[in-house]
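Chemist: Take a look at this one; I'll ask things after.
The values are calculated or read from the model by the stated rules, or taken from the named source; none is laboratory data. Quick caveat: nothing in here was measured; it's all calculated off a predicted structure. Reconstructed Cβ throughout: ideal geometry from the backbone, glycine too, with neighbour counts over all protein chains shown. What goes into the accessible areas is simple: the full protein's heavy atoms, side chains included, and nothing from ligands, DNA or RNA. Shrake-Rupley method; radii C 1.70, N 1.55, O 1.52, S 1.80 Å.
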Amino acid sequence: MKKLNINFYAFLFIALGLLSFSCKSDKSGDESQEKDSVVMKTIKIEKKLYGTTPDGKTVDQYTLGNGSMEVDIITYGGIITSLRIPDKQGNVQDVVLGFDSLSEYIANNPYFGALIGRYGNRIANATFKLDGVDYKLVANNGPNHLHGGTKGFDKVVWTASEFENEDAFGIKLTYLSADGEEGYPGNLEVTVTYSLLQDNTLEVLYEAVTDKKTVVNLTQHTYFNLSADFSKPILDHEVSINADLYLPVDETLIPLGELASVEGTPFDFRASKKIGNEIDADNEQIKRGLGYDHCWVLNEQDQGMRSVATAYHAGSGRQLEVLSDEPGVQFYTGNFLDGTLTAKGGGTYAQRTGFCLETQHYPDSPNQEQFPSVVLEPGDKYSTKTAFKFTTK
Ligand code: GLA
């Protein structure tokens, strides 16, 4: 009996001990979760006035931060004006080209950081036919229509709202593009959601609905320079693009229609290589683009969201991975930058000091039936996602 008692008390002691331990570990779980939410789950959304457009519209800047990286986005053009990420030593620096003021973005922006719509890249001769109707668009790039026209989505003020859910937080930008805007049919209601994830991924979700059959092809035109030194060309960045084919272009950069193999050409980025390796190759296509300014036909188009490209800068150890559900990516190496625009914090943007990986449908798709369709019908929803993931190695 005595023994039993001792056993009973021993049992009670152990049971209580275990209980208190489990309570504690629960609590410390809570604490560590709380701690996690401080250390790993930092959610920062800050809004401030950025400026006012000449026609009196207020432009706000939102800063999203997760404790490791931060991104500034303004409601004018949905422009990413700054994106600050760590290098391999933990130095957090801005790696995207842009300006220091709204007036510079308004005056002459080569699409730095901007949302592009209704149509990313070119539509030949600024015209297309839909159900037998000819639509005449604004020709703003020689004979062609580029990036939505003279007042594309990069030049409008979006309405912003903040959101937060379990996995992500960020801002939702909306814009109603009226029927006939820049020549396009249909009232197009557009929503672009920028989400910042805890693993240093910036996700961009593009959604749109229309009340008339139309075409739509949205993208993001950020110029990256992972060295964070905007005076340095991006030629030393190592890039890979998951594409066996690309789209050769004519002299005005309209795809010829043929899907050409990258094999044996400067366009072969299936194995990672420095941008500078063949950017000045004696190649007709390279000459037409003044470097790379082409659409790659991405592999695994039926896979939905997948890794489509990477860019790595050895000096800083920064790596960008682009994931997307889009069939194409326009890889543009800042060939038109010519040292005339003032860089953030001083200096100028010389040629090839930034590169863009613009995930999208192929240029001129409305005129090229063999390309994946960009037609949006009333009742259907346009929805496409691209993610920019930043790591170091
Ligand atoms: C895209 C185009 C380029 C150029 C840039 C912006 O990448 O393909 O030709 O227009 O945008 O300058």
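Chemist: Of all residues in the stretch 198-232, which are hydroxyl-bearing (Ser, Thr, Tyr) and either in a strand (DSSP E or B) or open to solvent by 10 Å² or more (accessible area, probe 1.4 Å) (or both)?
Modeler: Listed by number, the residues that qualify are Thr201, Tyr206, Thr210, Thr214, Thr219, Ser227, Ser231.
Chemist: Also, I was wondering about something else. Among the residues of the stretch 77-96, how many are on the phi < 0 side of the Ramachandran plot and out of contact with any strand residue (DSSP E or B) (no Cβ under 8 Å at 6 or more places or on another chain)?
Modeler: Just the residues of the stretch 77-96 that are on the phi < 0 side of the Ramachandran plot, to begin with: 79-89, 91-96.
Adding the requirement that they be out of contact with any strand residue (DSSP E or B) (no Cβ under 8 Å at 6 or more places or on another chain) leaves 89, 91.
Summing the residues that are on the phi < 0 side of the Ramachandran plot and out of contact with any strand residue (DSSP E or B) (no Cβ under 8 Å at 6 or more places or on another chain) in the stretch 77-96 gives 2.
Chemist: Give Leu97, Leu49 a once-over and let me know the one that is under 23 Å from Leu196 (Cα atoms), open to solvent by less than 60 Å² (accessible area, probe 1.4 Å) and touching a residue at least 12 places away in the same chain (Cβ under 8 Å).
Modeler: It is Leu97.
Chemist: Restricting to the stretch 137-161, name every residue that is at positive phi and surrounded by fewer than 17 Cβ atoms within 10 Å (Cβ to Cβ).
Modeler: Selection gives Gly142 alone.
Chemist: Right, something else. Can you tell me which residue among Asn109, Asn121 is under 24 Å from Tyr194 (Cα atoms), polar (S, T, N, Q) and crowded, with 24+ Cβ neighbours inside 10 Å?
Modeler: On inspection, the qualifying residue turns out to be Asn121.
Chemist: Contact list please: Cβ distance under 8 Å, first residue in the stretch 348-363 and in contact (Cβ under 8 Å) with a residue 24 or more places away in the chain and within 29 Å of Pro327 (Cβ to Cβ), second residue acidic (Asp, Glu) and buried (at least 23 other Cβ atoms within 10 Å of the Cβ), pairs at least six apart or on different chains.
Modeler: Thr359/Glu326; Gln360/Glu326; His361/Glu326
Chemist: When you look at Gly132, is it at pLDDT 95 or above and within 16 Å of the ligand (Cβ to nearest atom), yes or no?
Modeler: Against the criterion (at pLDDT 95 or above and within 16 Å of the ligand (Cβ to nearest atom)), Gly132 does not qualify.
Chemist: Counting only residues that are in contact with a helix residue (DSSP H, G or I) (Cβ under 8 Å, 6 or more places away or on another chain) and more than 14 Å from the ligand (Cβ to nearest atom), which one in the stretch 99-124 is nearest to Leu337 (Cα to Cα)?
Modeler: Per the criteria, the residue is Phe99.
Chemist: Within the stretch 162-197, work out how many residues are open to solvent by 10 Å² or more (accessible area, probe 1.4 Å), in a loop (DSSP other than H, G, I, E, B) and at pLDDT 95 or above.
Modeler: Of the residues in the stretch 162-197, 4 are open to solvent by 10 Å² or more (accessible area, probe 1.4 Å), in a loop (DSSP other than H, G, I, E, B) and at pLDDT 95 or above.
Chemist: Right, Glu377: more than 16 Å from the ligand (Cβ to nearest atom) and either within 30 Å of Phe230 (Cα to Cα) or more than 21 Å from the chain's Cα centre (by Cα) (or both) or not?
Modeler: yes
Chemist: From the list Gln285, Gln370, Gln301, Gln360, exactly one residue is touching a Cys at 6+ places or on another chain (Cβ under 8 Å), closer than 30 Å to Lys129 by Cβ and not aliphatic (A, V, I, L, M). Which is it?
Modeler: Testing whether each residue is touching a Cys at 6+ places or on another chain (Cβ under 8 Å), closer than 30 Å to Lys129 by Cβ and not aliphatic (A, V, I, L, M) leaves just Gln360.
Chemist: Let me ask another. I'd like the full set of residues that are open to solvent by 90 Å² or more (accessible area, probe 1.4 Å) and either at positive phi or without any contact (Cβ under 8 Å) to a residue 24 or more places away in the chain (or both), limited to the stretch 269-283.
Modeler: Answer for the stretch 269-283, where residues must be open to solvent by 90 Å² or more (accessible area, probe 1.4 Å) and either at positive phi or without any contact (Cβ under 8 Å) to a residue 24 or more places away in the chain (or both): Asn277, Asp280, Asp282.
Chemist: Also, I was wondering about something else. Condition first: more than 30 Å from Val95 (Cα to Cα) and surrounded by 21 or more Cβ atoms within 10 Å (Cβ to Cβ). Now tell me which residues in the stretch 348-381 satisfy that.
Modeler: Here is the first cut: in the stretch 348-381, the residues more than 30 Å from Val95 (Cα to Cα) are 364-381.
Within the stretch 348-381, Asp364, Ser365, Pro366, Phe371, Val374, Leu376 qualify.
Chemist: Also: If I go through the stretch 185-208 residue by residue, how many of them are within 17 Å of Lys381 (Cα to Cα) and either free of Cβ contacts under 8 Å to residues at least 12 places away in the same chain or hydroxyl-bearing (Ser, Thr, Tyr) (or both)?
Modeler: Qualifying residue count, the stretch 185-208: 3.
Chemist: Based on what the data block shows, is Asn335 open to solvent by less than 50 Å² (accessible area, probe 1.4 Å) and within 14 Å of the ligand (Cβ to nearest atom)?
Modeler: The answer is yes for Asn335.
Chemist: Would a scan of the stretch 371-387 turn up a residue that is in contact (Cβ under 8 Å) with a residue 12 or more places away in the chain and within 23 Å of Gly334 (Cβ to Cβ)?
Modeler: yes
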